[in-house]
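Below you'll find the structure, written out as structure tokens, and then a few comments.
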Amino acid sequence: MLLALSLIALGVALRLPDHARFARGTPQAADAARLIAIQRSHANDWTPTLLLVGQWIQIAGYWRLASQGPWAAAVAAVGVAVQFRHLQEISHHAVHGVLARTRRTNRLLAEAFAHYPLGLPPEPVRRQRHVRDHHPQATLASDPNLAELAAAGLRPGITGTRFALALVHPLTPQGIRTTSRTLTAGLQPGPGRWDRTAAPIAVLAAAYLTGGWTAALAGALLPRLLLYPLLAWWSLLVEHTWFDPDHRTGTPAETEAGRCLRLYPGNRLLAGLATATWLPYGDLHHYAHSAHPGLRWNYLSALEQHLPAPHFTPAALFLGPHSATRRHHRALTVQARDNEHQAAPRR
């Protein structure tokens, strides 16, 4: 147990230099130009590397913890899923080119510490899908994320039961098949190369060597196949008002204010919990990120204070009439009624 906790503490400590370096001189509120200038003055390659090494040392600590009994294994499963989610978001900033100083280092860090070990698609494929296909077309019919939501059943006319299942889609048989299919595609080796297939196998082997079969199952397979996909799915649900955006024109911030939302705007406790778990590294501030994708997560909160509020600021994900998911459901219901009305023959 002591070794497990020591590894987790060491992992946290290795993440601190990156936070400290980019926190220097950051105002509470500022425009994008000022924040980008500060960001560039702090850009480097070594603190992002330490940050990612720290994430994997934490994961090793959870693997060690998993061998300490059933309750410890359950904690480890959740802990590793959260760390996988963190790796996804850190590599997301690398895909945007703002994690490290150079484009080459950004790509190398994303591939070595996230894409390869988690079986994610190659970095260029993710960059094409996210940076070029999603960002300019968010909430439009051509947005690949909107197609992903529709494939999970989030379409006009969805029933209440089907909608409830869609909220936990990665845990359903259809969602597990989707995760498996996506993971299999990400593991496909290039011509003459097997490193993409070997990397996740090496992660499983490392988990087993650190904490035995319990770590391999509860600390690697369960988080990767079920828990981490669920956290990533919930983060997707609160990025935009997918089904009823307010299409606006003007500056990037004005455009994004009409199709983004901001969860937990007045609840610091829930906002802090989300930031530490399923909306890490600036994902809680997705509106600010959408308005200025070239900003690192360290500066999104300051930018958000400078921007006008987005058109929807829900206090909850699931609960209450003004929660994010309730709005999604109402929007799909209204779309279904409008479609029926347009399809009805005129007399």
Next item on the list: Report, in debye and to the nearest 20, how large the dipole of the chain comes out about its Cα centre when Lys and Arg carry +1 and Asp and Glu carry -1 on their Cβ.
Entry: 240
Note to self: Sort 82, 75, 238 by Cβ crowding within 10 Å, fewest neighbours at the top.
What the structure shows: 75, 82, 238
Notebook entry, point to check: Which entry in [x] 0.97; [y] 1.30; [z] 0.94 is this structure's computed Rg/Rh (Cα atoms, Kirkwood Rh)?
Noted result: [x]
Item checked: Given charges at beta-carbon only (K, R positive; D, E negative), |dipole| of the stretch 238-336 in Debye -> 200
Item checked: Neighbour-count order for 62, 299, fewest beta carbons within 10 angstrom listed first -> 299, 62
Notebook entry, point to check: If you rank 249, 241 by fewest surrounding Cβ atoms within 10 Å, what's the result?
Noted result: 249, 241
Check: Spin-label point model (7 Å from Cα, Cβ direction): what's the residue 330 to residue 168 distance in nm?
Finding: 2.5
Next item on the list: In nm, give the distance between the simple-model label positions of residue 176 and residue 141, each being 7 Å from the Cα along the Cα-to-Cβ direction.
Entry: 3.6
Check: How big is the stretch 238-336 in terms of Cα radius of gyration and Dmax, in angstroms?
Finding: 13.3, 41
Next item on the list: Please express the Cα-Cα pair-distance distribution P(r) of the stretch 1-100 as a list of whole percents, one per 5 Å bin, running from 0 to the bin with the greatest distance.
Entry: 3, 13, 19, 20, 16, 12, 9, 6, 3, 1, 0
Next item on the list: Per DSSP H run of at least 4 residues, take -39500 (n - 2.57); add these up for the chain, divide by its residues and hand me the 222 nm value, nearest 500 deg cm²/dmol.
Entry: -18500 deg cm²/dmol
Notebook entry, point to check: What FRET efficiency do you get for residue 251 and residue 6 if R0 is 45 Å and r is their Cβ-Cβ distance, rounded to the nearest 0.05?
Noted result: 0.40
Margin query: Can you tell me, using C-alpha contacts under 8 Å and at least 6 residues apart, the relative contact order of the stretch 238-336 as a whole percent?
Written below: 31
Item checked: Relative contact order of the chain, defined on C-alpha pairs under 8 angstrom at six or more residues apart (%) -> 21
Item checked: 0 to 90° range, to nearest 10: angle between helix 46-66 axis and the chain longest Cα axis -> 80
Check: If you stretched the chain out fully between residue 159 and residue 16, how much longer would it get, using 0.36 nm times the residue separation minus the C-alpha to C-alpha distance?
Finding: 46.9 nm
Notebook entry, point to check: So how far apart, in nm, are the two label points at residue 41 and residue 315 if each is 7 Å from Cα heading toward Cβ?
Noted result: 4.0
Checklist line | q = 0.19, 0.24, 0.30 Å⁻¹: log10 I(q)/I(0) that the Debye formula gives for the stretch 81-143, counting C-alpha atoms only | finding: -0.68, -0.97, -1.22
Check: Counting every Cα pair in the stretch 148-199, what percent are over 18 Å apart?
Finding: 46
Next item on the list: Restrict the search to the stretch 151-241; then list the trypsin sites (Lys or Arg not before Pro) that DSSP places in a loop and that have at most 10 other Cβ atoms within 10 Å of their Cβ.
Entry: 193
Notebook entry, point to check: What ³J(HN,Hα) values, in whole Hz, does the Karplus curve 6.51 cos²θ - 1.76 cosθ + 1.60 give for the stretch 104-112 when θ = phi - 60°, with x put for Gly and Pro?
Noted result: 4, 5, 4, 5, 4, 5, 4, 5, 5
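Read the figures in this text as sums done on the coordinates, not as results from a lab. Computed from a predicted model, the values in this text were never measured in an experiment. Cβ atoms come from the backbone with ideal geometry, glycine included; neighbour counts cover every protein chain shown.
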